[in-house]
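Notes to accompany the following structure.
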Amino acid sequence: FGGLFQTGGTLTLNHKLYIGRFGTSSTNPNEGKGFYTISGGTLTYAAANSEGGLYVGAAGSDGPAEGTFTVAGKGGKINVRKLYVGSDGKNAKGTGTLEFELEPDGVSAINVAEAVLLDASADESKAILVVNADMSAPKTDIVLINIEGANSATGVFDTINGAAAAEGCDVLLKADDGDYNYKLTYNGGSGNDIALKFVNLTPKAQAADANAAKK
């Protein structure tokens, strides 16, 4: 197990960042778990770094990796060239989880300059999306992964909050002040971003009244 909690400062990638244990071979898989949470500061890549990749549960030569990358609130800034979740599209496969913890005014997006690859090894990998809100959530669309330029994500998440994560699927967030309804899209923001499109809010008092009426 390995974990890093960034609350400030700057971490600059000179190559790749692996979240999840790096496997070495089928006889020595070195299976393990990695966790990275950013609530403040900056995660970025050096200008001279042509890789600059963030590999979430997607690193290894012949063994599964399991990694979780969590964005907590809007205090952090994340800029990478490439984002791989669950697989690197080659021989590395595993389980990658992206988690976003919303504040009332939203959450920091993961800014990706080049490629986003989700669940590239199909049955041998898994890309999981988790979104939650404790106190409140924005009554607007929320960009989770901002893809620069005209590139779009390759693949989709297997699940969001435990349910299928297809284009347009419903996403319900239960916060202290009510139930927030969104739809997941891979064509949000500027047209190629992964985002939640706001539908409506059922305030908590109304939700309680509705439940009481059913009894």
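The values are calculated or read from the model by the stated rules, or taken from the named source; none is laboratory data. As the structure is a prediction and not an experimental result, all values here were calculated from the model. Using ideal geometry, Cβ is built from the backbone for each residue, glycine included, and neighbour counts are taken over all protein chains shown. For accessibility, only protein heavy atoms count, side chains too; no ligands or nucleic acids. Shrake-Rupley method; radii C 1.70, N 1.55, O 1.52, S 1.80 Å.
Scanning the stretch 110-125 for residues that are surrounded by fewer than 22 Cβ atoms within 10 Å (Cβ to Cβ) and outside any strand (DSSP E or B) yields Ala120, Ser121, Ala122, Asp123, Glu124. Counting only strands (runs of 3 or more DSSP E) that fall entirely inside the stretch 1-78 and contain at least 1 residues that are at pLDDT 95 or above, open to solvent by 50 Å² or more (accessible area, probe 1.4 Å) and over 17 Å from Glu99 (Cα atoms), the qualifying elements are 2-13, 33-45. Within the stretch 181-191, the presence of a residue that is crowded, with 19+ Cβ neighbours inside 10 Å, farther than 21 Å from Ile128 by Cβ and either of a type in the set (S, T, N, Q) or at pLDDT 95 or above (or both) is excluded.
Any residue at all in the stretch 116-134 that is modelled with pLDDT of 95 or more, charged (D, E, K, R) and more than 12 Å from Gly67 (Cβ to Cβ)? No, the stretch 116-134 has no match at all.
For the stretch 129-162, residues that are open to solvent by 50 Å² or more (accessible area, probe 1.4 Å) and part of a strand (DSSP E or B) total 1. Taking (1) open to solvent by 20 Å² or more (accessible area, probe 1.4 Å); (2) more than 11 Å from the chain's Cα centre (by Cα) in turn, Ala92 satisfies each apart from (1).
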